[in-house]
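Below is one structure, written out as structure tokens, with a few remarks after it.
Just so you know, all these numbers are worked out from the coordinates, no wet-lab data involved. Just so we're clear, the structure is a prediction, and the values are computed from it rather than from any experiment. Cβ placement follows ideal geometry from the backbone for every residue including glycine, while neighbour counts extend to all protein chains displayed.
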Amino acid sequence: MAFVTANWNPLGEAFYRKIELYEMGWNLKDGLRECLVAAAPYGGPIALLKGRIRRSPSARPQLEIYSSSGLPLASFPWKSGVVKQLGWTVTDDLLCVQEDGTVLVYDLFGGFKRHFSMGNEVSQSQVLDTKIFHSPYGTGVAILTGALRFTLATNIDDIKLRRLPEVPGLQGASSCWAVLTQDRQCKVLVANESQLFILDNTACTPVTPPGLSPEASSIVHICVSFSYKYLALITDSGHVWMGTSNLKEKLSEVDTKIKTPPKQMAWCRRPKSQQPSAVVMWDGLLLVVGESKETIKYHLDDESILVPELDGVRIISGTHHELLQEVPGACEEIFKIASMAPGALLLEAHKEYEKESQKADEYLREIKEQSLLSEAVRQCVEAAGHEHEPETQKTLLRAASFGKCFLSNFPPEQFVSMCRDLRVLNAVRDYTVGIPLTHTQFKQMTLQVLIDRLVYRKLYPLAIEVCRYLKTPEYLGVSRVLKHWACFKVQQKEESDEVIAKAVSVKLADAAGISYSEIATKAYESGRTELAIKLLEFEPRSGEQVPLLLKMKKSPLALSKAIESGDTDLVYTVVMYLKNELNRGDFFMMLRNQPVALSLYRQFCKHQEQDTLKDLFNQDDDHEELGNFYVKASYKEKRLEARIALLQSAVDEYYKAKNEFSAKATEDEMRLLRFQRKLEEEKGEPLVGFPLHETMTMLLSVGLHKHAEQLYKDFRVPDKRFWWLKLKALAEKEDWEELEKFAKSKKSPIGYLPFVEVCIKRHNKFEAKKYVSKVTPEQKVKAHLAVGDVEGAAEAAIERRSESEISTVLSRCSSTTDHLLMERLNRAKATAAKK
Amino acid sequence: MASHLFCGRVNLNILREAARKDLREFLDKCSGSKAIVWDEYLTGPFGLIAQYSLLKEHEVEKMFTLKGGRIPSAAVKNIVFFVRPRLELMDIIAENVASEDKLQPRDFHILFVPRRSLLCEQRLKEKGVLHSFTNIDEYILDLIPYDGDLLSMESESSFRECYLENDQTSLYHAAKGLMTLQALYGTIPQIFGKGECARHVANMMLRMKREFAGHAQILPVFDTLLLLDRNVDLLTPLATQLTYEGLIDEIYGITNGYVKLPPEKFAQKKQGEGGKDLPTEPKKLQLNSAEELYAEIRDKNFNAVGAALSKKAKIISAAFEERHNAKTVGEIKQFVSQLPHMQAARSSLANHTSIAELVKDITISEAFFESLTVEQEFMTGVDTDKVSTYIEDCIAQKDPLIKILRLVCMQSVCNNGLKQKVLDYYKKEILQTYGYEHILTLKNMEKVGLLKPQSTMRNNYPTIRKTLKLWMEDANEQNPNDISYVYSGYAPLSVRLTQVLARPGWRSIEEVLKILPGPHFEERQQVPTGLHKKRQPGENRTTLVFFLGGVTYAEIAALRFLSNMEDSGTEYIIATTKLINGTSWIKSLMDHPEENSP
């Protein structure tokens, strides 16, 4: 295994290694020369714009997109304006920034998605320089205009342009600058000669890097680390200064002794690095600088670009793709020459074991004696994660597994998940996929994002394999991939609707949480309405079906789906939509076939549009409801004539509805109103609107007996009720004379007990007594008691020989005054009881 | 404080906590100080979820009632509207927003309860204010935990909407509520139902289940769900409830768990202050099972309450007497430690003695007795086919219309419709006495089936009564052995159906089920194999009974009685759209044409 360290170079305390990732699959005649290149971080795709310098007016530049391994994904002639910069978004979309500030967005396969502008100011003064950057808010674009002003958009999916303050004394392209995120704000760091400024929303603040070598007269290049925490700059004197990006601390300064400005510079620092280090590139030369005076020099054969990563720098040339990084701690421990670290010993032990040599035991003992075996296993597992070659990974994992055998209670999770992760990583690093992710990057980017990336590349089967293999919950994993697949599938024009719908439904049948409406939307957007409808049939959530159906102008279907869901709000939404879309006749017809929608719409009209309600009833020849409608309307009408007219309409409708009772009752109502009005005019009594019963009471109370009688006869009020009414009215008035006359007028249909009671209620015992004798025998006792005549009650009760009545009387007797009476009653009770 | 929610078989506090969490999350979304503008209807139901203190903790500084014009000034950053999704309310909100002071703009938010509405948002858009809102959100409050075994949607007009206006919005909410419940308490394996609405809710539930595939796996708490349409049993709410709680509701009306009582009886609390003037504000009391004494007597027949109260009085005074026996310091300490509990018990006893007196004043009146007698005659089928003299007299004396309607409807229901002549007579009497405008109300009663002309079919009420044993001659009020004690003889039909379902099963009453309106059905929901409940021997089944269109306190009492019966084998949790009684129910069905909106 000695060759593992073959590509290691020491720098200070640490080692650096350069690993070849791919031999590029593309065939570029001129390499990267004269190309505009953009490679996305996290092993993302590479975009090239070739032939930018026009050789003839007819020659157009060519835009090409490749995977990290150089496999072509797209290629097309560039027909738009002059491109100043290319860049990738976090969702693998290609941004092409044009001279006039227009940004064109393409997908991974060169499909045009949209464009947006960076504002008028930019388009007027033209783009001088552009940087595309990533922050927690998404992908951003920063532009230095011809007017030497900065314009910035932090998130291209939610564009809010910010124009930054002016930088004093800035002069053209000689300046260098960078974007960084600090205190949740995106700022621009710009150098002007030897001065450095920080630009935020409001101010331009001059800053000085602490301890910058005084030899420098200007800063020629700036770069910010992947995490925005660190800053490196190089001066015209060839000094590389490294420090924190808040410019509070200097980490190191190295003299490269090269005075020409570099082509590119990038941080080469991994999390938990031992030292800060940057990579600086000149023509044909690559330099790694760290803390020590020494540097590592690499010779470059070919035009290259640097792609900064979280844990290193990728170097892409016309023929090769390499990763330059600090050797991770665990690897260094294990592979460093003559290392005695537990991991190294374990690896050795395993090697001996494979050779069936007893030395294996010696090595093992040595680790175990220091009780470092678990540490050794951990080191091997960790180192495996950092190795690129599957063979090396395997060797390390086997050693780890071997070591594990001698440990009890060693938690298996780290080992198991590392094996799984590596299997996934090796799969995506494969030449045909071309995503050279390191384990550190993978953990940072998360599985979710990796799956997205695979989906963007249309590598659906692999994505599903990965989800299944890593046991991702279905709705986050397989279902999501399948949905993307289906969205892509529905855009394939060459296949028929039936075939696609079937294919989609078969593939997605068992997957949980699939949004068919999203797929259908895609189908609709690509002009396949019929397919969209077919797909919507699979959607279980009506809330999702309905809006799209409306968009597709399939309103009857939308309506029935809405009704099916039981969600009345959804039904209302469709109904309101239809109301605006259709002419009234069609609208009503449609409602007529959907009773649920109709009754909801009626409810709506009842509150909002009374007239429409009437039209609805009319259309349905619903005379009963029309009658009710007019009755209701009549109560809102203040003027009597109009009110009666409305009631007349109601009567007509009720007759048409063959509702005799309602018609008659309403006619009665009209008659009563007319009567009330007449009397009101004649006698000045306010009567209109009162119920019949009350009207009669009022008439009686003002002495208009004849009129009351007339109503009684006209409206065929039952005798009993009239008697009650008159009785109460007279008692209320305390018109005792009239009451007596009334009592004698004919035989009372309600008996005479009520007469007694109303008198007593008005505290007139005298009048009450007049009626006691007229009361029927059954009610005599009650009547006597009501007027307080206990003896009379007793007489009546004894006469009737009713045990219960005697008891009632008894309960009213007081033992002191009615002694004799009580005796009599008790005796009578006894006799009654015997009977 | 929600101790009343813990005491039941199922911990309904989980539901309340979930609701509170959602509320907090929403309030925190509108960061900074805020004022809430309330749709007044919602304050009652919200009170069951959260008190003002919770709102205060989340920077709610002011509360207003939603009304037209400008919102009162308040130095807050946010204005939050808590509203039902109703168009007329949107108009008011739009007016509020439009008249906001442009110089000191505040952030607006809307919280729709229980659900967002596209229709309402559309209306706000039309009014040009939709963009003024920073947050538009929904607060899903379908089933509100009301007591330890009781959930209510507190949706007043649900019966009217479903049966009169054919608007099944509340059923959609009911189904959603049941889905929430199942998310918290597990899938309910068995669903039974009777009635059109029940069928509709069950269909929606089964459909929604497909929508939310891939739920968290919870061991089912409920074994069975029984969905019952109120119109399957129109009779029960018409009858006067005779349990303690039922009577309080009949006489004073319980709203959102609170009752307002005339203050006189509660005046002479403290001795020595006799001269103080009487309080004029009604006494407001919360009624739920957190109060030990109330839990004990609420479901008793009122005739048994007196005895229970005096027994309790004896126990309490005996407990206070204990102090004379407390000799050692330890004993005294023990006594003192119990003192707060005893004092609470004493004040609770005093309150309920007063309430019982108030109720008794009504129940011993002749009017109450007479009306009850007539009710019971109807329920036993006496003279239901002719005009009742009693009702006639009541109309003649102009007793409250609702009372008349209750009685007439009851007669109609107990006779499976009235003869056309009788019906027309009653209607005419009502119109002449109470005014012709009530013609619309009468039509409503007919539409929902409370009033109807007798068809050619034979009166089938006696069959139902006999098969389901709806009338029990010798109901024992003191020590009941049957649910009929809650109406002193009448066993509520709805509860009988529930009882029969548990044992021996509905197959035994197929005939009756066919007579009652709407389909009856059974559905099963698949429960993953790992989650099948293994019942311990002697462990009861738990059934959720959902009354679509309302339930009375007496019915609840009857179900509680069944739960507590020794050999019942089933415990009941009750859910409903609203707690109703005959009066509130009939009122919700009346039409008031002189008002602009019903």
* Relative contact order, percent, of the stretch B:3-141 when contacts are C-alpha pairs under 8 Å separated by at least 6 residues? -> 23
* **DSSP-loop trypsin sites (Lys or Arg not before Pro) across the stretch B:450-540, with at most 13 other Cβ within 10 angstrom** => B:458, B:534, B:535
* Asked: Put +1 on the Cβ of each Lys and Arg and -1 on the Cβ of each Asp and Glu in the protein assembly as shown; which of A:26, B:256, A:428 then has its Cα farthest toward the positive end of the dipole?
  -> B:256
* Please work out the FRET efficiency for the pair residue A:525 and residue B:532, using the Cβ-Cβ distance as r and a Förster radius of 41 Å; give the result to the nearest 0.05. => 0.35
* Asked: Taking Cα pairs under 8 Å and at least six residues apart, what relative contact order does chain B come out at, in percent?
  -> 18
* Asked: Label points 7 Å out from Cα along the Cβ direction at residue B:28 and residue A:147: separation in nm?
  -> 4.5
* Going 7 Å from the Cα of residue A:614 in the Cα-to-Cβ direction, what parts of the stretch A:578-596 have a backbone nitrogen less than 13 Å from that spot? -> none
* the stretch A:9-89: GluC sites (Glu not before Pro) in DSSP loop, at most 12 other beta carbons within 10 Å -> A:13, A:34
* Asked: For the protein assembly as shown, what does -39500 (n - 2.57) per DSSP helix run (n ≥ 4), summed and divided by total residues, give at 222 nm, in deg cm²/dmol to the nearest 500?
  -> -14000 deg cm²/dmol
* residue A:112 to residue A:607: FRET efficiency via 1/(1 + (r/R0)^6), r the Cβ-Cβ distance, R0 51 Å, to the nearest 0.05? -> 0.55
* **chymotrypsin sites (Phe, Trp or Tyr not before Pro) within the stretch A:1-33, DSSP loop, no more than 10 other Cβ atoms inside 10 Å** => none
* Asked: Using the beta-carbon distance between residue B:393 and residue A:690 and R0 = 22 Å, what value does 1/(1 + (r/R0)^6) give for FRET efficiency, to the nearest 0.05?
  -> 0.50
* Asked: In degrees between 0 and 90, to the nearest 10, how far off the longest principal axis of chain A does helix A:660-683 point, with axes built from Cα atoms?
  -> 70
* For the cross-link pairs A:502/A:554; A:733/B:428; B:466/B:578; A:746/A:770; A:726/B:398; B:56/B:283, which exceed 23 Å when the distance is taken from alpha carbon to alpha carbon? -> A:733/B:428; B:466/B:578; B:56/B:283
* To do: Just subtract the alpha-carbon distance of residue B:331 and residue B:67 from 0.36 nm times their residue separation and send over the number in nm, one decimal.
  => 89.1 nm
* To do: Only Lys, Arg, Asp and Glu count, each charged at its Cβ (+1, +1, -1, -1), so figure out the dipole size of the stretch B:348-425 about its Cα centre, rounded to 20 debye.
  => 260
* Structure fact -> Here the net charge surrounding residue A:712, from other residues whose Cβ is less than 13 Å away from its Cβ (Lys, Arg +1; Asp, Glu -1), is +3
* Give, rounded to the nearest 20 debye, the magnitude of the charge dipole that the stretch A:337-562 has about its Cα centre when Lys and Arg contribute +1 at Cβ and Asp and Glu contribute -1 at Cβ. => 1000
* Run the quick spin-label model on residue A:719 and residue A:507: label points 7 Å from Cα toward the beta carbon, then report their separation in nm to one decimal. => 9.0
* **Cα-Cα over 21 Å, subset of A:656/B:419; A:297/A:443; B:284/B:360; A:713/B:443; A:744/B:421** => A:656/B:419; A:297/A:443; A:713/B:443; A:744/B:421
* Could you work out how far helix A:568-581 tilts from the main Cα principal axis of chain A, as a 0 to 90 degree angle to the nearest 10? => 80
* To do: Can you tell me how much longer the chain between residue A:674 and residue A:648 gets when fully stretched, taken as 0.36 nm per residue apart minus their C-alpha distance, in nm with one decimal?
  => 8.1 nm
* To do: List every DSSP H helix in chain B whose Cα atoms extend 18 Å or more along the helix's own long axis and whose mean Kyte-Doolittle hydropathy is at least 1.0.
  => B:401-414
* Structure fact -> The alpha-carbon center of the stretch B:313-388 and that of the stretch A:515-553 are separated, in whole Å, by 63
* For peptide A:688-694, how many partner chain Cβ atoms fall within 10 Å of a residue's Cβ, on average? -> 5
* Asked: Going toward the positive end of the dipole of the stretch B:3-141, with +1 on Lys and Arg Cβ and -1 on Asp and Glu Cβ, which of B:14, B:30, B:141 do you reach last?
  -> B:14
* Might you report the magnitude of the Cβ-based charge dipole of chain B about its Cα centre, with Lys and Arg at +1 and Asp and Glu at -1, to the nearest 20 debye? => 1080
